[in-house]
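Coordinate-derived values only; no laboratory data. Predicted model only: the values in this text are computed from it and were never measured. Positions of Cβ are generated from backbone atoms using ideal geometry, with glycine treated the same way; all protein chains shown enter the neighbour counts.
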Amino acid sequence: MAETEDLKKKQEGLGFCPPANRPCLTELLPDEIVRELNSRTIPALPDYRGGQIFSWLSRGVMSFSGMTDLPLPLRQSLEESFSAGSTGVESLFQDQDGTQKLKIRLFDGLFIESVLLTDRAGRRTACLSTQAGCAMGCLFCRTGGLGLKRNLSAGEITEQFLHLLNLTRPSPVLRGVNIVFMGMGEGLANYPAFMKAVSILSHPQGLGLSPARMTVSTCGLVPGILALGREKRGPRLAVSLNSALEEKRRFLMPGAAGWSLGELKEALLDYQSRKKERLTLEYVLLSGFNDRREDLQALINFIPPLRVQVNLIPYNPLPAQTAPPRRAFTSPGPESTQGFYRGLQQAGVKATLRYSRGRSTNSACGQLAGE
Ligand code: SF4
C-alpha cells in the first residue's frame, strides 16, 4: 500500500475520536439538533441555530470551535456537552489509479473502510459502509468473512462521506459526486440508519445531494427491496445477483438464501412498478463457478421483463498476505470474461464490464475488511 509522507501529512487533522459519552450531532437533522440542544441548554435556542450547526457539520467541520457564526458562549457550551463527530480517520491509503481508501475508527474501537473512486473523466464516487462487518456471509467477500460486528448509526454512515469530502480540500468537489452504499455491510439490513443517512446527506440545508445520485446494493433482502420501492426519495437499487441458478446462489450467498430467485424477482418487479429507473444487477464473475454457458443462459432467462443494467465484475483476487475470503475463487481470464459479456449483449441485455479500481490497496469490490 502506498502511504506516503505527503499523505500522512494530509491525514493529520482529518478526523478525531471524541469521548463517546456525549450526544453526537452528526446523527441529526436540523430540527432534531435544535430539539436536542433545547433539551439540555438554558435559555432555549431559536430554530435557525439547528440549521446553522447542521450546515457546518455538512461541510465537514467536525468541531464546534470552527463554527464561526455561532456566538462564542454557545460554541463553548456545545464543546462541553455535545460531540460534532464520533469517528476518526486512522489511515489513508492511495492506489496508483487515484482511488483513496480511509480506514475509520469508531468510538468503540471497531474499524470500517470507505473509498473515494475517481474515474478517468474525473468523476468521483464515494463508497460508504453501512455496517461493521456483515452477517450475509457471501463466500467471495472478505467483509462477509468477518461476520457482523454491529450496525452503524446514521451519523457514522454520514461521517464517512464528510471524511472523504475533507480529502478533497481545499475545493471539495460535490457537483456530480455519486454515493454508493456498497462498502462493508448490507445496507438494507440496517434500513432505518441507512435511510436516515440518505436524509441527512440530501437535506437542502446541508449538502443537498440528490438521492438519485445514490445507490444501495443489496444481496437480495426482499423486505428491504419492498420498503425501498415505497420511499418517496430513496436511492437507486443495485442487486448483487452473482448467479441465477437457485442452488448456486444459495451456496454463494447464504444470507440471501431465505428468499428464492422467484421471490426476489417478484420484489424487483414490485420495485420497478413504483420507480421508473433501470435496476442494476451486479454479477461478480468467478472462474469455473458462475461463468459457464448454463450460468449465462440462466441470467438471460432471469431478466425479462425487468429493465436492468448488468454490471459484470471479474473477481478481485487478494494478495497472499491478506486474510482470505471464506472460499478461494479465481478471476476468469479475459477470453471467458469477454465471452460472457458478448453473450449478454447478443441476447439484448444492457451490460457493462467493470474492472474494479483500487485493487492495489484492497479497496475494490469484496475486498474491504477494516484491517
Ligand atoms: S457482498 Fe455485501 S452482503 Fe455479501 S457479505 Fe459482502 S458486504 Fe455482506
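Remarks
- By the helix-only formula, in which each DSSP H run with n ≥ 4 contributes -39500 (n - 2.57) and the sum is divided by residues, the chain has a 222 nm mean residue ellipticity of -9500 deg cm²/dmol.
- Of the trypsin sites (Lys or Arg not before Pro) in region 91-144, those whose Cβ has at most 10 other Cβ within 10 Å and which sit in DSSP loop: 120
- Most to least packed among 245-257, 207-219 [average Cβ atoms within 10 Å]: 207-219, 245-257
- FRET efficiency, residue 292 to residue 210 (Cβ-Cβ, R0 35 Å, nearest 0.05): 0.30
- Among the lysines of the chain, pairs at least eight places apart or on separate chains and with Cα atoms under 19 Å apart come to 16.
- Residue order, fewest to most surrounding Cβ atoms within 10 angstrom, among 200, 313: 313, 200
- The residues neighbouring residue 337, those whose beta-carbon lies less than 11 Å from its own, together hold a net charge of 0 under the Lys/Arg +1, Asp/Glu -1 convention.
- Across region 178-307, counting alpha-carbon atoms alone, Rg and Dmax equal 15.2, 51 Å.
- Extension gain for residue 227 to residue 68 (0.36 nm times residue separation, less C-alpha to C-alpha distance): 53.2 nm.
- The chain pair-distance distribution - Cα-Cα, 20 Å bins, rounded %: 29, 55, 15, 1
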